[in-house]
Amino acid sequence: MTSPEPRSEPRRRSVAVLGDRILVAPPGDEERRSRGGILIPATAQSVDRKGIWGQTLGVGPHVRQVDVGDDILYLPDDAIEVEVQGEPYLIVRERDVHAVGSTRRDGATGLYL
């Protein structure tokens, strides 16, 4: 009788963002809760179309205006919610980004976050 093979850890994969997509860290729970304390998912339809800010974690090869580490303003209903190794992330197309907050100075408006 042979002994069972030891279980190996789940294989970890790297994630590559494709095309004009941007991988975004979802906002903290405090930004995604109603005043009454109800948790609102990132993909929930917003009647007032309120934009939210998120930090960029990865960009596809065809993204031109956003770099990793930038904060981007987007509408929650334009984002796709994904889970990678149990952690939630969002994917947004570059055309759905309405503003970029970064430490770079090119094209700055003079407003700061």
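The values are calculated or read from the model by the stated rules, or taken from the named source; none is laboratory data. Source: prediction; values computed, not measured. Cβ: placed from backbone, ideal geometry, glycine included. Neighbour counts: every protein chain shown.
Observations, loosely collected:
- Members of the stretch 12-24 that are under 13 Å from Gly58 (Cβ atoms) and loosely packed, with under 15 Cβ neighbours inside 10 Å: Ser14, Val15, Ala16, Leu18, Gly19
- Complete set of residues in the stretch 74-99 that are touching a Phe, Trp or Tyr at 6+ places or on another chain (Cβ under 8 Å) and not in a strand (DSSP E or B): Asp96
- Subset tally (residues that are more than 11 Å from Val97 (Cα to Cα) and in a strand (DSSP E or B)) for the stretch 57-73: 3
- Scanning the stretch 55-113 for residues that are on the phi > 0 side of the Ramachandran plot and modelled with pLDDT of 90 or more returns a single hit, Gly69.
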